[in-house]
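Working notes, beginning with the structure itself.
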Amino acid sequence: MSEAARARHGGREARRRERSSHDHSHLHRPYITRNIPTYDILGEESLQAIERAADRILAEVGIDFRDDPEALALWKNAGAKIDDLRVRFEQGMLREILKSAPPIFTQHARNPANSVQVGGKGVVFAPAYGSPFVMDMDRGRRFGTLQDFQNFIKLAQSSPWFHHSGGTICEPTDVPVNKRHLDMVYSHIRYSDRAFMGSVTAEERSEDSIEMCRILFGADFVDRNCVILGNVNVNSPLVWDGTMTKSLRAYARANQAAVIVPFILGGAMGPVTNAGAIAQAVAETMVGCALTQLERKGAPVIFGNFLSSTQLKTGSPTFGTPEPAIGSMVIGQIARRLNLPLRCSGNFSTSKLPDAQAMTEGTMSMLAAVHCGANFILHSAGFLDGLLSMSYEKFILDADLCGALHTYLDGVKIDENQLAEGAFAEVGPGNHFFGSAHTLANYETAYWDSETADNSPFEQWEAAGSLDAATRANKLWKERLREYEAPPLDEATDEALKDFIARRKDGMADAWY
């Protein structure tokens with residue numbers, strides 16, 4: 001073999017090894033810039049009808065604020081009508097308050113190359129959030145531990161298809177309830193260099209989360225920039241409880257972003273009709289977003305939404321169904337009219353396994369998130385069992401879908417190379433394009449390449465063991481954890497964080513509820 005031939009052969013081999021390896025860091029981008037339009041399904045008249053219905057809920061029924069006298073005082077000073085715990089809002093009041101909220105903001109990561117844009121055309125994928133259980137094909141369903149929590153952070157960090165480390169990826173039930181937030185925030189900092197979320201389960205836990213960010217980024221930087229998110233839920237229907245409003249206000253007070261999310265199961269916490277549930281969601285979310293501005297004008301905030309349906313024969317929650325998916329399109333339109341960043345939909349499923357039901361439901365709800373214009377897509381991977389379980393295999397399969405959605409959101413590029421006019425001239429009628437100069441120049445980047453799909457002939461697939469997608473994903477997550485390397489963290493910062501955690505833990509007895 002000639003020197004030139006050996007060089008060509010060596011180059012091909014190197015490229016083949018690169019493509020077959022699990023190091024896809026070169027594919028990672030800090031966030032997606034949307035290059036396709038949102039899907040706006042309602043006209044102006046219908047949108048105004050939704051807004052009028054939300055305004056009537058706010059003015060005539062009102063929202064209860066429980067266990068937070070300071071929130072009631074803020075509303076009273078802003079001109080709302082207060083009747084004991086019930087707060088009512090005149091039409092237009094909340095929209096006026098919301099004008100101070102930024103339409104776009106940056107959440108900074110400890111690695112500046114991984115900071116994300118929230119709002120505008122930015123799209124950010126983050127793992128699922130909040131499951132008490134985890135599951136995998138080897139050990140089945142079990143309570144989550146801190147080791148599981150850290151494993152999912154490592155899996156997310158190892159994938160190019162996530163932009164955000166997430167928050168409570170699963171509950172570390174082996175750590176006391178009143179102390180686990182310290183370990184969770186530290187784990188995000190230690191095992192990922194991407195943006196992350198903090199605790200919201202008590203005001204002091206929110207403040208601890210923010211204080212740890214001050215150690216990481218510096219107090220002045222945190223006061224001027226968003227470095228952490230807090231995901232707070234309305235107690236639908238029409239109730240804001242003090243645990244959530246105090247945490248919401250703690251984040252806003254520190255100039256950090258609260259993600260305001262109603263959780264509406266149609267027929268249980270809201271009406272069974274889509275339009276009514278949307279109006280309720282808009283009312284509840286506007287109130288939470290506006291409260292952040294009363295706490296600190298100009299604080300970043302995300303307009304969130306979680307519509308879902310119910311199996312009315314049994315009362316069981318259902319996820320990944322068509323009604324909430326199409327309803328998300330309307331939520332997106334409303335959020336854009338309010339000029340607020342949007343968190344909406346995600347990869348939802350009630351399946352108990354990473355099977356066809358899981359992927360069908362998850363794809364429907366994930367495409368809804370993409371088309372409704374969501375900027376921050378929580379629950380992008382791992383969600384099973386109606387969010388009761390975080391699945392290792394589903395996490396890998398969903399990461400693959402997130403990868404495909406990067407290409408989908410890029411849209412269709414039009415330029416001289418993409419139009420391929422020279423290729424037609426070279427190949428001509430009746431011939432194939434495999435060996436053309438255009439194909440050879442583009443073959444490594446022409447198509448998205450799945451890590452979990454098997455596209456081999458049937459006989460080859462059968463000879464290799466007839467493995468299904470979940471089994472392939474089981475192998476992949478184990479390989480990823482074996483190959484994981486933690487991103488560097490400044491030693492002095494690490495010690496300061498550990499010292500803060502030790503002092504906080506020493507100052508309180510364990511509480512398991």
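The values are calculated or read from the model by the stated rules, or taken from the named source; none is laboratory data. All of these numbers come straight from a predicted model, not from anything done at the bench. Quick reminder, even Gly has a Cβ in these numbers, built from the backbone with ideal geometry, and neighbours come from all protein chains shown. The accessibility values were calculated without ligands, DNA or RNA, using every heavy atom of the protein model including side chains. Shrake-Rupley method; radii C 1.70, N 1.55, O 1.52, S 1.80 Å.
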State the number of residues belonging to segment 69-123 that are more than 30 Å from F196 (Cβ to Cβ) and aliphatic (A, V, I, L, M).
8
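Hey, does segment 437-444 have a residue that's at pLDDT below 95 and open to solvent by 40 Å² or more (accessible area, probe 1.4 Å)?
Initial filter on segment 437-444 (at pLDDT below 95): 443-444.
Checking which are open to solvent by 40 Å² or more (accessible area, probe 1.4 Å) leaves us with 443-444.
Yes, segment 437-444 has at least one match.
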For segment 154-207, which positions are of a type in the set (D, E) and under 23 Å from L388 (Cβ atoms)?
E171, D174, D183
Any chance L216 is buried (at least 24 other Cβ atoms within 10 Å of the Cβ), in a helix (DSSP H, G or I) and at pLDDT 95 or above
no
Quick one: how many residues across segment 30-50 are more than 30 Å from A113 (Cβ to Cβ) and open to solvent by 30 Å² or more (accessible area, probe 1.4 Å)?
10
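Being of a type outside the set (A, V, I, L, M) and open to solvent by 30 Å² or more (accessible area, probe 1.4 Å) is the filter here, so list the residues in segment 286-297 that pass it. Outline the logic, then answer.
First, pick out the residues of segment 286-297 that are of a type outside the set (A, V, I, L, M): 288-289, 292-293, 295-297.
Matches in segment 286-297: E295, R296, K297.
Within segment 128-147, does at least one residue satisfy the condition of being under 30 Å from G298 (Cβ atoms), of a type outside the set (K, R), surrounded by 16 or more Cβ atoms within 10 Å (Cβ to Cβ) and free of Cβ contacts under 8 Å to residues at least 40 places away in the same chain? Show your work before the answer.
So in segment 128-147, the residues under 30 Å from G298 (Cβ atoms) come out as 129-130.
Narrowing further to those that are of a type outside the set (K, R): 129-130.
Imposing the further condition that a residue be surrounded by 16 or more Cβ atoms within 10 Å (Cβ to Cβ) reduces the set to 129-130.
Remaining after also requiring free of Cβ contacts under 8 Å to residues at least 40 places away in the same chain: none.
The answer is no; no qualifying residue exists.
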Of everything in segment 372-399 that's closer than 19 Å to R480 by Cβ, more than 15 Å from the chain's Cα centre (by Cα) and charged (D, E, K, R), which residue is surrounded by the most Cβ atoms within 10 Å (Cβ to Cβ)?
K394
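Tally time: how many residues in segment 229-254 are open to solvent by 20 Å² or more (accessible area, probe 1.4 Å) and either polar (S, T, N, Q) or assigned to a strand (DSSP E or B) (or both)? Full working, then the answer.
Initial filter on segment 229-254 (open to solvent by 20 Å² or more (accessible area, probe 1.4 Å)): 233, 235, 237-238, 241, 243-244, 246, 253.
Imposing the further condition that a residue be either polar (S, T, N, Q) or assigned to a strand (DSSP E or B) (or both) reduces the set to 233, 235, 241, 243.
The number of residues fulfilling the criteria is 4.
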Being in contact (Cβ under 8 Å) with a residue 24 or more places away in the chain, part of a helix (DSSP H, G or I) and within 24 Å of G79 (Cα to Cα), is that true of even one residue in segment 263-278?
no
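This table checks each residue for (1) within 20 Å of I32 (Cα to Cα); (2) hydrophobic (A, V, I, L, M, F, W, C); (3) out of contact with any helix residue (DSSP H, G or I) (no Cβ under 9 Å at 6 or more places or on another chain).
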position: F319; (1), (2), (3): no, yes, no
position: E323; (1), (2), (3): no, no, no
position: S345; (1), (2), (3): yes, no, no
position: T350; (1), (2), (3): no, no, no
position: V370; (1), (2), (3): yes, yes, no
position: G373; (1), (2), (3): yes, no, no
position: L384; (1), (2), (3): no, yes, no
position: K394; (1), (2), (3): no, no, no
Output the qualifying pairs, or none if there are none: Cβ atoms under 7 angstrom, residues six or more apart or on different chains, first residue in segment 62-85 and under 14 Å from R249 (Cβ atoms), second residue of a type in the set (D, E, K, R) and in a strand (DSSP E or B).
D67/D241
Taking segment 65-82 on its own, how many of its residues are farther than 27 Å from F105 by Cα and crowded, with 16+ Cβ neighbours inside 10 Å?
4
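Among the residues of segment 148-166, write down those that are in a helix (DSSP H, G or I) and open to solvent by less than 10 Å² (accessible area, probe 1.4 Å).
Listed by number, the residues that qualify are D148, F149, F152, I153, L155, A156.
Test R480 against the criterion of being over 25 Å from the mean Cα position of the chain (by Cα), in contact (Cβ under 8 Å) with a residue 24 or more places away in the chain and part of a helix (DSSP H, G or I), and give yes or no.
Working: over 25 Å from the mean Cα position of the chain (by Cα): no; in contact (Cβ under 8 Å) with a residue 24 or more places away in the chain: yes; part of a helix (DSSP H, G or I): yes.
When the stated conditions are applied, R480 does not pass them.
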Might you let me know whether segment 167-180 holds any residue that is free of Cβ contacts under 8 Å to residues at least 40 places away in the same chain, open to solvent by 10 Å² or more (accessible area, probe 1.4 Å) and more than 23 Å from L497 (Cβ to Cβ)?
no
Exactly one condition in (1) assigned to a helix (DSSP H, G or I); (2) acidic (D, E); (3) within 24 Å of the chain's Cα centre (by Cα) is not met by D494; state its number.
(3)
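In this structure, does K413 turn out to be of a type in the set (D, E, K, R), out of contact with any helix residue (DSSP H, G or I) (no Cβ under 7 Å at 6 or more places or on another chain) and under 30 Å from P37 (Cβ atoms)?
Numbers: of a type in the set (D, E, K, R): yes; out of contact with any helix residue (DSSP H, G or I) (no Cβ under 7 Å at 6 or more places or on another chain): yes; under 30 Å from P37 (Cβ atoms): yes.
Taking the combined requirement at face value, the residue satisfies it.
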When segment 116-127 is checked residue by residue, the ones that are surrounded by fewer than 23 Cβ atoms within 10 Å (Cβ to Cβ), assigned to a loop (DSSP other than H, G, I, E, B) and within 15 Å of the chain's Cα centre (by Cα) are G119
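Out of the residues in segment 303-327 that are part of a loop (DSSP other than H, G, I, E, B) and without any contact (Cβ under 8 Å) to a residue 60 or more places away in the chain, state the one that is nearest to the chain's Cα centre (by Cα). I'd like the intermediate steps shown before the answer.
Residues of segment 303-327 that are part of a loop (DSSP other than H, G, I, E, B), as a first pass: 312-315, 319-321.
Imposing the further condition that a residue be without any contact (Cβ under 8 Å) to a residue 60 or more places away in the chain reduces the set to 312-315, 320-321.
Values: L312: 28, K313: 31, T314: 29, G315: 27, G320: 16, T321: 19 Å.
Selected residue: G320.
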Cβ contacts < 6 Å: first residue farther than 27 Å from H406 by Cα, restricted to segment 427-450; second residue modelled with pLDDT of 95 or more and in a loop (DSSP other than H, G, I, E, B), any location; separation 6+ or different chain. Result?
V427/F433; V427/S436
